[in-house]
Amino acid sequence: MRVIFMGHPGAGKTFAAELVSSATHIERIDVDNLFDEHFVTFVSKRAYLRAFRKLLEGKSDWVIDSYHGHRMPDSVWLDADIIAFTDLPRDQLVKNVFKRYKVKRQAKDNTHNQATYANTLKNLAQIYLLDTSLRKNIRRIRQLTDISDKFVELRSSRDVEDFIHQLATQHQV
């Protein structure tokens, strides 16, 4: 099974991917960490793509979560069995980002190579300023994959929970 979770920061992509990975024993691949390690500039796009391909090398199954999906090669979208776009309402995204900030701040957890505060500001900017860009990328991916049952939109936390349960059940059969 090859699944990609995509959406804004705070949409529950990582949470969903971790649950699916745990239930199915399929490796979760964090593309956002890879993106941060190889911050995409004109010079480093090749290094990012090389590192990305190396992550998938020899894997027949994977669960990917990423906000930076637009940087993934088209072949990954075509190889995916399911593409889940977690499209929660903006107020829920902001609430989730602040909740994550509080938890990480208390734990002194600095992930994605950034300070917790700076990462939170970046996440909020992505929610408010890059919505059009993300939706444009989603349209491109839908056109690229051209298979309607491959693409799933999850519009609430309940949709995400039901989807995870469905995937875990299907994989155990």
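The values are calculated or read from the model by the stated rules, or taken from the named source; none is laboratory data. All values reported here derive from a predicted model rather than from experimental measurement. Cβ atoms come from the backbone with ideal geometry, glycine included; neighbour counts cover every protein chain shown.
At-a-glance table
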read-out	value
Residues that are over 19 Å from the mean Cα position of the chain (by Cα) and of a type in the set (A, V, I, L, M, F, W, C), drawn from the range 115-173	ALA115, ALA118, ILE147, VAL173
Residues of the range 61-87 that turn out to be modelled with pLDDT of 90 or more and assigned to a loop (DSSP other than H, G, I, E, B), as a count	4
Boolean, VAL94 is modelled with pLDDT under 85 and of a type in the set (Val, Ile, Thr)	no
When residues of the range 119-173 are limited to those that are β-branched (Val, Ile, Thr) and outside any helix (DSSP H, G or I), the one surrounded by the fewest Cβ atoms within 10 Å (Cβ to Cβ)	VAL173
Any chance ALA118 is small (Gly, Ala, Ser) and at pLDDT below 80	yes
Test: residue in the range 99-108 that is modelled with pLDDT of 85 or more and under 20 Å from ARG155 (Cα atoms)	yes
The range 16-25, residues that are out of contact with any helix residue (DSSP H, G or I) (no Cβ under 7 Å at 6 or more places or on another chain) and either touching a residue at least 60 places away in the same chain (Cβ under 8 Å) or over 24 Å from SER156 (Cβ atoms) (or both)	HIS25
Tabulated pairs, the range 57-80, first touching a residue at least 12 places away in the same chain (Cβ under 8 Å), second charged (D, E, K, R) and in a loop (DSSP other than H, G, I, E, B), C-beta under 8 angstrom, 6+ apart or interchain	LYS59/GLU27; ASP61/GLU27; TRP62/GLU27; VAL63/GLU27
